[in-house]
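What follows is a single structure, written as structure tokens, with notes after it.
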Amino acid sequence: MNADIDISEVRLKTPRLWLRPWQASDLADLYAYASVEGVGQLAGWLPHQDIETSRAILEIFITEKKTFAVERQGRVIGSLGIELYREDQAPEFQPLACREIGYVLAKPYWGRGLMPEAVQAALRWLFKEQQLAAVFCGYFTRNHQSARVQEKCGFKPYKQVLHQTQYGTTEVTQLNVLRRADWLAAQACTVAAGPDCRD
């Protein structure tokens, strides 16, 4: 089942980033990255054609209280949403508290390891503070960068599903899952760095 989530009072710090609630003053930063060709398409949405599109999305982010702004050096460079997962796609998880993570990063920041850093911070909060049983995350099978992010963060393959994009195509999506027990075991391995901490 989908757990209740409210990030409106949450701020998460990583070595290079802040994850925080969106605010009205972030509009220009949102439009700056969301209007770039090739960014939104990898998540199933079209580039923002004008700043009013970004304004409408920003209002949703603020109202729904489930999407972090990803900030670096005073500028918002992406988003990380704690989304509702499709319960019909994972029926065996129905009794458990779960959510799905989705993320977007501005193009100039690709390839720097920033999104794994953000995802790991969100996972730490979801598993330690919110006590979720599992977190889902997916990527279009052509999106190799997102595949690497999820692999680095410990997600395991669950199933392939079809996703209808805003631009009229059907994408094969690899849906992955990370269970809290597996995340806790990985954290223990990181601390211990013992001989049993092998993939």
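Within the stretch 118-149, the set of residues being farther than 21 Å from D6 by Cα and either out of contact with any strand residue (DSSP E or B) (no Cβ under 9 Å at 6 or more places or on another chain) or of a type outside the set (D, E, K, R) (or both) comprises G138, Y139, F140, T141, N143, H144, Q145, S146, A147, R148, V149. Take the conditions (1) over 20 Å from L19 (Cα atoms); (2) buried (at least 18 other Cβ atoms within 10 Å of the Cβ); P95 misses just one of them, which is (2).
Any residue at all in the stretch 147-163 that's among the polar types (S, T, N, Q), surrounded by fewer than 16 Cβ atoms within 10 Å (Cβ to Cβ) and touching a residue at least 24 places away in the same chain (Cβ under 8 Å)? Step through it out loud before you land on a result.
At the first step, the residues of the stretch 147-163 found to be among the polar types (S, T, N, Q) are 150, 160.
Still in the running and surrounded by fewer than 16 Cβ atoms within 10 Å (Cβ to Cβ): 160.
Narrowing the set further to residues that are touching a residue at least 24 places away in the same chain (Cβ under 8 Å) leaves none.
Within the stretch 147-163, none of the residues are among the polar types (S, T, N, Q), surrounded by fewer than 16 Cβ atoms within 10 Å (Cβ to Cβ) and touching a residue at least 24 places away in the same chain (Cβ under 8 Å).
For every residue, the table says whether it meets (1) farther than 19 Å from Q41 by Cα; (2) at pLDDT 95 or above; (3) among the β-branched types (V, I, T).
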residue: I62; (1), (2), (3): yes, yes, yes
residue: F68; (1), (2), (3): yes, yes, no
residue: E71; (1), (2), (3): yes, yes, no
residue: I77; (1), (2), (3): no, yes, yes
residue: P91; (1), (2), (3): yes, yes, no
residue: A97; (1), (2), (3): yes, yes, no
residue: E117; (1), (2), (3): yes, yes, no
residue: A122; (1), (2), (3): yes, yes, no
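Out of L27, L19, I need the residue that is buried (at least 19 other Cβ atoms within 10 Å of the Cβ), in contact with a helix residue (DSSP H, G or I) (Cβ under 7 Å, 6 or more places away or on another chain) and either in contact (Cβ under 8 Å) with a residue 24 or more places away in the chain or part of a helix (DSSP H, G or I) (or both). Which one? The unique qualifying residue is L19.
Checked against (1) buried (at least 16 other Cβ atoms within 10 Å of the Cβ); (2) assigned to a loop (DSSP other than H, G, I, E, B), F61 passes all but a single condition, namely (2).
The lone criterion from (1) more than 17 Å from the chain's Cα centre (by Cα); (2) more than 18 Å from Q120 (Cα to Cα) left unmet by Q131 is number (2).
How many of the residues making up the stretch 93-133 are of a type outside the set (D, E, K, R) and assigned to a helix (DSSP H, G or I)?
Selection size over the stretch 93-133: 15.
Among I101, I60, I5, I77, which is under 24 Å from G168 (Cβ atoms) and of a type in the set (A, V, I, L, M, F, W, C)?
The match here is I60.
Step by step: first the residues of the stretch 30-47, then only those that are closer than 23 Å to F140 by Cβ and among the hydroxyl-bearing types (S, T, Y), then the one that is surrounded by the most Cβ atoms within 10 Å (Cβ to Cβ). Which residue is that? It comes out as Y33.
In the stretch 69-92, the condition of being part of a helix (DSSP H, G or I) and in contact with a Ser or Thr (Cβ under 8 Å, 6 or more places away or on another chain) is met by no residue.
The values are calculated or read from the model by the stated rules, or taken from the named source; none is laboratory data. These numbers come from a predicted model, not from an experiment. Positions of Cβ are backbone-derived with ideal geometry, glycine not excepted, and every protein chain shown enters the neighbour counts.
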